[in-house]
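The values are calculated or read from the model by the stated rules, or taken from the named source; none is laboratory data. Since this is a predicted model, take the numbers as computed values, not measurements. Backbone-built Cβ (ideal geometry, glycine too); neighbour counts: all protein chains shown.
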Amino acid sequence: MFVESAFITREFREEQIPVLEGVTCLSVVNTGTTIAIINDVTIYPTQKQILIPPDGTFSKVKLEVNYVTSESTFDPKLVKGIIRKNERNRILLIYKKLI
């Protein structure tokens, strides 16, 4: 049996991420200037994280995304890593999907 799939790269701003179906692997890159928390995984700016490893299975994925901004936290460890002037909330999703 031959299954066709394709790599898809999309950048999302704020919390506009749709539900992804037929995903076989998923990586997230934080391209913004704030800390992103995606499904309880903390991703710092310019950091890449694999959320779904390529293990041969496919699934439906719903991502819950929250951003740590200077206004939303009082934790001094987290605020130190945030650029306060031009905060951008963006993530890049790189995933392989069945087509």
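Against the list (1) at pLDDT 85 or above; (2) in contact with an Asp or Glu (Cβ under 9 Å, 6 or more places away or on another chain); (3) more than 21 Å from LYS97 (Cα to Cα); (4) small (Gly, Ala, Ser), the condition ALA36 fails is (2).
Considering only the range 39-55, state which residues are polar (S, T, N, Q) and on the phi > 0 side of the Ramachandran plot. Working first, answer last.
Within the range 39-55, the first condition is being polar (S, T, N, Q), and the residues that meet it are 39, 42, 46-47, 49.
Hits for the range 39-55 are ASN39, THR46.
Remark: pairs (first residue in the range 4-29, surrounded by fewer than 18 Cβ atoms within 10 Å (Cβ to Cβ); second residue in a loop (DSSP other than H, G, I, E, B) and not hydrophobic (A, V, I, L, M, F, W, C); Cβ separation under 6 Å; 6+ apart in sequence or on different chains) = GLU14/ASN89; VAL19/LYS62.
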